[in-house]
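The values are calculated or read from the model by the stated rules, or taken from the named source; none is laboratory data. Not measured: the values here are computed from a predicted model. Positions of Cβ are generated from backbone atoms using ideal geometry, with glycine treated the same way; all protein chains shown enter the neighbour counts.
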Amino acid sequence: MLKNSSVSIAKNRLRTLVISDCVQCTPSAYEHICKDLYETLSKYMELTEDNFQVEINRSQIVIKIAGEET
């Protein structure tokens, strides 16, 4: 289980770096945006960090919640 956890963490870090490069912001800024969105939405919806995902590119911000189809 530790291996899956390590793989997941590494995957998320790499994803953060790639996305931050694409939208021309620092990885720290991207993380702050994601955290702010999560904290704001979790006031109104039942969310966990495991089922919440944000994708940002130059033209849009996509928020995915586990179990939701796009």
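Looking at the stretch 23-43, can you tell me whether even one residue there is in contact with a Lys or Arg (Cβ under 7 Å, 6 or more places away or on another chain) and modelled with pLDDT under 80? Can you show your working first?
Restricting attention to the stretch 23-43, the residues satisfying the condition of being in contact with a Lys or Arg (Cβ under 7 Å, 6 or more places away or on another chain) are 23.
In the following step, the residues that additionally are modelled with pLDDT under 80 were identified as 23.
Yes, the stretch 23-43 contains at least one residue that is in contact with a Lys or Arg (Cβ under 7 Å, 6 or more places away or on another chain) and modelled with pLDDT under 80.
Go through the stretch 15-59 and give me each residue that's among the aromatic types (Phe, Trp, Tyr) and loosely packed, with under 12 Cβ neighbours inside 10 Å. Break it down into steps so the answer makes sense when it comes.
Of all residues in the stretch 15-59, those among the aromatic types (Phe, Trp, Tyr) come to 30, 38, 44, 52.
Of everything in the stretch 15-59, just one residue is among the aromatic types (Phe, Trp, Tyr) and loosely packed, with under 12 Cβ neighbours inside 10 Å, namely 44.
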